[in-house]
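Remarks on the structure that follows.
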Amino acid sequence: MQPYVSAARVRLVKDLDSLDLPPTVTLSIKASPQSTDRMQPPKLEVVVSPDEGYYNHGSISFSLDFNEVYPIEPPKVTCLKKIFHPNIDLNGNVCLNILREDWSPALDLQSIIIGLLFLFLEPNPNDPLNKDAAKLFCQDQKKFAETVILAMSGGSVDHVLYDDVVAH
């Protein structure tokens, strides 16, 4: 008798099989969706390494935690590094519309990865989690760019020490 594999895990395996990663993104499986251990939910790690824009030369890691009702609900996406970004707070929460109100079961892992990549190419100061970063982005993009570079190299901004995410 075959062990039971949930529809969520079947769908995630299908998403992984059809994935077409851009060269600036890597993915690793931390907990396999093919596992029959229901106590071990599927978990992926995605690393986004933008090759243009404010976050050029950065390497930013995200955890994607899937539950047993995917794709009805999106995975929980958390930034694993402390970065200065209008749409990512200091706790790693990510503000991306497709992970909240615009989520649809028609979206898939490919959509999430493209959405994360797009956050670094086009930060959205109109829906911020980090209000200071959003305000600076709107007021002075040159200063914003300088602050991003400082923070990405492990610098301190407004008494917050950021993680070094510069790809070496």
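The values are calculated or read from the model by the stated rules, or taken from the named source; none is laboratory data. From a predicted model like this one, the values you see are computed outputs, not experimental measurements. Methodologically, a virtual Cβ is constructed for each residue, glycine included, from the backbone with ideal geometry; neighbour enumeration extends over all protein chains shown. To get the accessible areas, we keep the full protein, side chains included, count just its heavy atoms, and leave off ligands, DNA and RNA. Shrake-Rupley method; radii C 1.70, N 1.55, O 1.52, S 1.80 Å.
Against the empirical curve 2.2 N^0.38 Å, the C-alpha radius of gyration of the chain lands at a ratio of 1.10. Rounded to the nearest 10 square angstrom, residue 138 shows an accessible area of 90 square angstrom against a 1.4 Å probe.
The GNM of the chain, with springs linking C-alpha atoms under 10 angstrom apart, assigns the highest mean-square fluctuation among 158, 37, 15 to 158. The trypsin sites (Lys or Arg not before Pro) of region 1-88 that DSSP puts in a loop, and whose beta carbon has at most 12 other beta carbons within 10 Å, are 38.
For region 1-54, the C-alpha radius of gyration divided by 2.2 N^0.38 Å, with N the number of residues, is 1.42. When 102, 127, 51, 17 are compared by accessible surface with a 1.4 Å probe, the order from highest to lowest is 17, 51, 102, 127.
With the simple spin-label model, which puts each label point 7 Å out from Cα in the Cβ direction, the residue 5 to residue 19 separation comes to 1.6 nm.
The longest part of the chain holding none of the exposed loop GluC sites (Glu not before Pro), meaning those outside H, G, I, E and B in DSSP with at most 12 other Cβ atoms within 10 Å, is 102-168. As a ratio to 2.2 N^0.38 Å, the alpha-carbon radius of gyration computed for region 27-123 takes the value 1.08.
Annotation: amide H-H contacts under 5 Å for residue 87 (H modelled 1.01 Å from N, sequence separation of 5 or more, or interchain): 124, 129, 130.
For residue 81, a cut-off of 28 angstrom between C-alpha atoms picks up these lysines, skipping any fewer than 8 places away in its own chain: 30, 43, 131, 135, 142, 143. Note on exposure: 159, 85 ranked by accessible area (1.4 Å probe, complete protein assembly) read 159, 85, with the most exposed listed first.
For trypsin sites (Lys or Arg not before Pro), no site in region 89-138 is both called loop by DSSP and has at most 10 other Cβ atoms within 10 Å. Ordered by 1.4 Å accessible area with all protein chains kept, 39, 152 run largest first as 39, 152. With the helix formula -39500 (n - 2.57) applied to DSSP H stretches of n ≥ 4, the chain reaches a computed 222 nm mean residue ellipticity of -8000 deg cm²/dmol.
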